[in-house]
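The values are calculated or read from the model by the stated rules, or taken from the named source; none is laboratory data. All of these numbers come straight from a predicted model, not from anything done at the bench. Every residue, glycine among them, receives a Cβ derived from its backbone with ideal geometry; neighbour counts consider all protein chains shown.
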Amino acid sequence: MPKQPSGSSSRRPPEPSEDHAEIDDWMGRQVPDLQPIVEHLDATIRDVHPDAHFALKWKKAYYGLPDVGWMIELVAYDVSVNIVFHGGADLDPPPDQGSGSSRYVKLRSLEEAQDPQLRRWIEQAGEVKGWT
């Protein structure tokens, strides 16, 4: 019998946190050069979407809205931060990296994180279907 492909349904979405302390702790544990990037992205997401809920799962920060699901994921590596848009294929224009419905941007500096296009994608993320 051929093996059936596994879908993303086997991964359960995170549960929203009660407060932002978990995200603050996660940001503080990142590589010092990346902390300003994750702090800026967190502040921008919360500014653009003040009613967003957030969670920490799999060492990644998630941001979502009740009507769209989890819309943004922040992943910090050793030399870069990825901002993943779970409905990124529907953004205008969609970020170049990624496949399926998700798209992402790899950031290596605070200046890249301050790009106005990134803020526009964060704004648009609240209008497209995310991960539910």
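Taking the numbered list (1) free of Cβ contacts under 8 Å to residues at least 24 places away in the same chain; (2) out of contact with any Leu (no Cβ under 7 Å at 6 or more places or on another chain) in turn, Lys60 passes all entries but (2). Of all residues in the range 34-52, those that are farther than 18 Å from Asn82 by Cβ have Cβ atoms under 7 Å from Cβ atoms of residues that are part of a loop (DSSP other than H, G, I, E, B) and not β-branched (Val, Ile, Thr), 6 or more apart or on another chain, in Arg46/Ala52; His49/Gly126.
In the condition set (1) surrounded by 15 or more Cβ atoms within 10 Å (Cβ to Cβ); (2) at pLDDT below 95; (3) over 13 Å from the mean Cα position of the chain (by Cα), Arg11 is compliant with all but (1).
Can you tell me which residue is farthest from Trp131 (Cα to Cα) among those in the range 15-50 that are in a loop (DSSP other than H, G, I, E, B) and either in contact with a Leu (Cβ under 7 Å, 6 or more places away or on another chain) or among the β-branched types (Val, Ile, Thr) (or both)? The selected residue is Val31.
Is one or more of the residues making up the range 77-84 over 14 Å from Gly130 (Cα atoms), β-branched (Val, Ile, Thr), modelled with pLDDT of 95 or more and surrounded by fewer than 12 Cβ atoms within 10 Å (Cβ to Cβ)?
Taking the range 77-84 first, the residues over 14 Å from Gly130 (Cα atoms) are 77-82.
If we keep only those that are β-branched (Val, Ile, Thr) as well, we get 79, 81.
Subset that is modelled with pLDDT of 95 or more: 79, 81.
After this cut, where a residue has to be surrounded by fewer than 12 Cβ atoms within 10 Å (Cβ to Cβ) as well, the list is 79.
Checking the range 77-84: at least one residue is over 14 Å from Gly130 (Cα atoms), β-branched (Val, Ile, Thr), modelled with pLDDT of 95 or more and surrounded by fewer than 12 Cβ atoms within 10 Å (Cβ to Cβ).
If you take the residues of the range 85-132 that are of a type in the set (Val, Ile, Thr), in contact (Cβ under 8 Å) with a residue 60 or more places away in the chain and not in a helix (DSSP H, G or I), which of them is surrounded by the fewest Cβ atoms within 10 Å (Cβ to Cβ)? Walk me through it before giving the result.
At the first step, the residues of the range 85-132 found to be of a type in the set (Val, Ile, Thr) are 105, 122, 128, 132.
Narrowing the set further to residues that are in contact (Cβ under 8 Å) with a residue 60 or more places away in the chain leaves 122, 128, 132.
Adding the requirement that they be not in a helix (DSSP H, G or I) leaves 128, 132.
On the way: Val128: 18, Thr132: 9.
Checked the range 85-132; the qualifying residue surrounded by the fewest Cβ atoms within 10 Å (Cβ to Cβ) is Thr132.
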